[in-house]
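Structure, as structure tokens:
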Amino acid sequence: GTEDYALSRRLYLYTPTTADMFIKNFAHYAISFAGQEIVADTGLISQNIHVEQVVAPRSAPAMYKEYAAQGERLSLTFRFQFGSGKLDNKGQRDLQRLLGYLEEFPQKRVVLMGFSDNSGDANKNLSLSSQRARSVATELSARGVSVFDTQGFGDALPVANNDSEQGRERNRRVEVWVL
């Protein structure tokens with residue numbers, strides 16, 4: 001669900017605007033909670049949110065280690081377009097998934113941790129990673145969810161190799177943690 005694994009790949013369902021309602025309803029069902037339960041039952045990775053206990057790597061920034069010790073990471077990650085704080089297409093759908101999760105667990109406090117790839121200036125990457133975390137916080141706030149904290153870590157803790165565009169895309173992310 002986090003797309004942090006080397007062999008992960010997004011699958012897309014495209015429907016033409018002229019598609020009949022049966023096809024549109026199928027596509028909508030496939031990405032729904034119930035549809036993703038079927039995905040999980042087949043052995044693939046569901047997009048439904050679950051919590052993960054994460055042990056922070058030794059090289060992790062101190063604040064990351066602190067939150068990892070007291071919190072849980074959710075199985076979704078927000079991705080961003082190059083050099084921007086704008087969510088990708090899946091990010092819009094993931095906002096809805098996160099809102100549903102938080103309705104079920106209203107006592108959870110949300111922490112957003114932003115990251116960047118290593119392209120360009122390290123200070124700009126640190127600023128961009130913070131901007132990305134705040135961008136998700138703004139989206140959640142507009143929907144009535146208060147965010148406990150946002151942190152930006154620049155190009156720390158890459159989840160993929162920065163030598164390829166696909167790897168850099170995976171590193172431009174915001175992780176969602178709950179306390």
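Table for the structure above
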item	result
Residue, farthest from the chain's Cα centre (by Cα), within the range 1-37, restricted to residues that are open to solvent by 50 Å² or more (accessible area, probe 1.4 Å) and at pLDDT below 75	LEU13
All positions within the range 115-149 that are more than 19 Å from LYS90 (Cα to Cα), open to solvent by less than 60 Å² (accessible area, probe 1.4 Å) and outside any loop (DSSP other than H, G, I, E, B)	ASN125, LEU128, SER130, VAL147, ASP149
Single residue of the range 104-163 satisfying the filter (free of Cβ contacts under 8 Å to residues at least 24 places away in the same chain and of a type in the set (D, E, K, R)) that is nearest to LEU179 (Cα to Cα)	GLU104
Of all residues in the range 56-85 being at pLDDT 90 or above and in a loop (DSSP other than H, G, I, E, B), the one that is nearest to LEU99 (Cα to Cα)	GLY71
Flag for ASP88 being more than 15 Å from the chain's Cα centre (by Cα) and open to solvent by 10 Å² or more (accessible area, probe 1.4 Å)	no
Some residue of the range 165-178 being touching a Ser or Thr at 6+ places or on another chain (Cβ under 7 Å) and over 23 Å from GLN47 (Cα atoms)	no
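Every residue, every condition in (1) within 22 Å of GLN107 (Cβ to Cβ); (2) acidic (Asp, Glu); (3) in contact with a helix residue (DSSP H, G or I) (Cβ under 9 Å, 6 or more places away or on another chain); (4) open to solvent by less than 20 Å² (accessible area, probe 1.4 Å), yes or no:
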site	(1), (2), (3), (4)
VAL39	no, no, yes, no
GLY43	no, no, no, no
GLU52	yes, yes, no, no
PRO57	no, no, yes, no
ALA62	no, no, no, no
LEU74	yes, no, yes, yes
SER84	no, no, yes, no
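The values are calculated or read from the model by the stated rules, or taken from the named source; none is laboratory data. Model, not experiment: these values are computed from the prediction. Here the Cβ is made from the backbone with ideal geometry for all residues, glycine too, and neighbour counts use every protein chain on show. SASA here: full protein model, heavy atoms, side chains in, ligands and nucleic acids out. Shrake-Rupley method; radii C 1.70, N 1.55, O 1.52, S 1.80 Å.
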